[in-house]
1. Using beta carbons and a limit of 8 Å, which pairs, at least six apart or on different chains, have the first residue in segment 164-189 and open to solvent by 70 Å² or more (accessible area, probe 1.4 Å) and the second one outside any helix (DSSP H, G or I) and of a type in the set (Val, Ile, Thr)?
2. Within segment 247-295, which residues are under 23 Å from residue 99 (Cα atoms) and of a type in the set (Lys, Arg)?
3. Identify the residue in segment 269-285 that is within 12 Å of the chain's Cα centre (by Cα) and not in a strand (DSSP E or B) and, among all such residues, is farthest from residue 235 (Cα to Cα).
4. Please find, within segment 225-264, the residue that is farthest from residue 171 (Cα to Cα) out of those that are surrounded by fewer than 20 Cβ atoms within 10 Å (Cβ to Cβ) and of a type in the set (Phe, Trp, Tyr).
5. With touching a Ser or Thr at 6+ places or on another chain (Cβ under 7 Å) and open to solvent by 50 Å² or more (accessible area, probe 1.4 Å) as the only criterion, which of 343, 338 stands out?
6. Would you check which residues across segment 251-268 are touching a residue at least 60 places away in the same chain (Cβ under 8 Å) and in a helix (DSSP H, G or I) and list them?
7. Across segment 320-357, what is the number of residues that are more than 18 Å from residue 103 (Cβ to Cβ), in a loop (DSSP other than H, G, I, E, B) and in contact with a Gly (Cβ under 7 Å, 6 or more places away or on another chain)?
8. For segment 194-221, which residues satisfy the criterion of being surrounded by 21 or more Cβ atoms within 10 Å (Cβ to Cβ), hydrophobic (A, V, I, L, M, F, W, C) and closer than 19 Å to residue 177 by Cβ?
Amino acid sequence: MKALLMKVTVLVASAVSSPRLSSALLPRFASSLQVSFSVSRSILVPSTTATATPSKHQGSGVFGSSTTILRMSSSVCLSNCPTIPLRNGMAQPAIGFGTYKVGFIPASASAAVAGNAGGVERTAEECVSDALSVGYRFLECAEFYGNEHEVGKAIAKSGIDRKDLFICSKVWTTTIEKGPAAIEAQLDKTLSDLGTDYVDLYLIHWPVPGKHVEAYKTICKLQKAGKILGCGVSNYAWEDYLELKEAGVEQLPLVNQIEINPFLYRKNTIGKFAAEGVVMQSYRSLRDGKAFENPTLVKIAKDKSKSPAQILGRWCVQKGFVYVPKSVKRERMEENAEVFDFELTNDEMSELDSLTTPEAIDVFA
């Protein structure tokens, strides 16, 4: 399909309930006005042009040491990063940097439970500093990750204006179980650790049975206080979302963060959320690197002169999901970001869609 060049204009809502929301969002909206994008199907591709330079692939070894991949500078790829409009008028960057297991591995994480967590390679401060210098502006954080104070150090040292960052955090299950006062106290700690007086998005990390509706109502109240610009959820099934609706929640979630990749593409569930105006954020977009040798993925990557990681990332953004890769290595951060300078064909997208098996869906049914 031939890409069409068009102007994208962000419309600012005429009435905003929170003073913090208005003051924090208007500069971002203003900077987004009259930016040209090349639109193909459901994903925006920056129209910025740059010279691609050949480089040797340093990834999983699938291609062999002699394979040359055309790469754009990641700073060019992210300089006009596409955004996805949220229902309240906010502009969500289409790509973010995930901080799970970055500089710290939570005690209850799968790797730690299995006894093979090992030592961390670098601090979260070092990794996030690299991510910010590469050009990432959306940082995906969480109470459970145990590293928000280190993320805050990187933000402070970066010199980047707060209005140019998009910060998301999540409240963990143990805090949710303790009730509203604990949730507010944790949000205050998150804000202190990150060195900011508000977060762009605050999510319920898991739908704790019997508790998540009250927890969601709590973060909606905190939004009115100006500490949160937008509320969302994570790991919600459709039934969990319906519980919120049936409870009469006025401000329904802007986003739902779940695992999304070609090997776990819950098309029907995602379609229901999309119909409600809920934007899907993808974690494990790259499947932790465990699928880089899949034959279909390798074939498409070779055809595109791209790495398997870039094919997985491109699939994600081309579907219209928020792509949240993470790495502790700067060169991988750069590689992961280079997904806006090419497109996958309809046939290639269909091939990738078919990688989700009925068995994979059954696990999450």
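1. Once the first residue is open to solvent by 70 Å² or more (accessible area, probe 1.4 Å) and sits in segment 164-189, its partners that are outside any helix (DSSP H, G or I) and of a type in the set (Val, Ile, Thr) give 177/208.
2. Hits for segment 247-295 are 284, 287, 290.
3. Filtering segment 269-285 for residues within 12 Å of the chain's Cα centre (by Cα) gives 279-285.
From the residues that got through so far, the ones that are not in a strand (DSSP E or B) too are 284-285.
Values: 284: 12, 285: 14 Å.
Step by step, filter segment 269-285, then rank; the result is 285.
4. 263
5. Details: 338 fails: open to solvent by 50 Å² or more (accessible area, probe 1.4 Å).
343 is the lone residue from the list that is touching a Ser or Thr at 6+ places or on another chain (Cβ under 7 Å) and open to solvent by 50 Å² or more (accessible area, probe 1.4 Å).
6. 267
7. Applying the first criterion (more than 18 Å from residue 103 (Cβ to Cβ)) to segment 320-357 yields 320-323, 334-335, 337-357.
Applying the additional criterion that residues be in a loop (DSSP other than H, G, I, E, B) yields 320-321, 338-345, 354-357.
Adding the requirement that they be in contact with a Gly (Cβ under 7 Å, 6 or more places away or on another chain) leaves 339.
Qualifying residue count for the region: 1.
8. 203, 204, 215, 219
The values are calculated or read from the model by the stated rules, or taken from the named source; none is laboratory data. Computed from a predicted model, the values in this text were never measured in an experiment. Cβ: placed from backbone, ideal geometry, glycine included. Neighbour counts: every protein chain shown. Heavy atoms of the whole protein, side chains included, go into the accessibility calculation; ligands, DNA and RNA do not. Shrake-Rupley method; radii C 1.70, N 1.55, O 1.52, S 1.80 Å.
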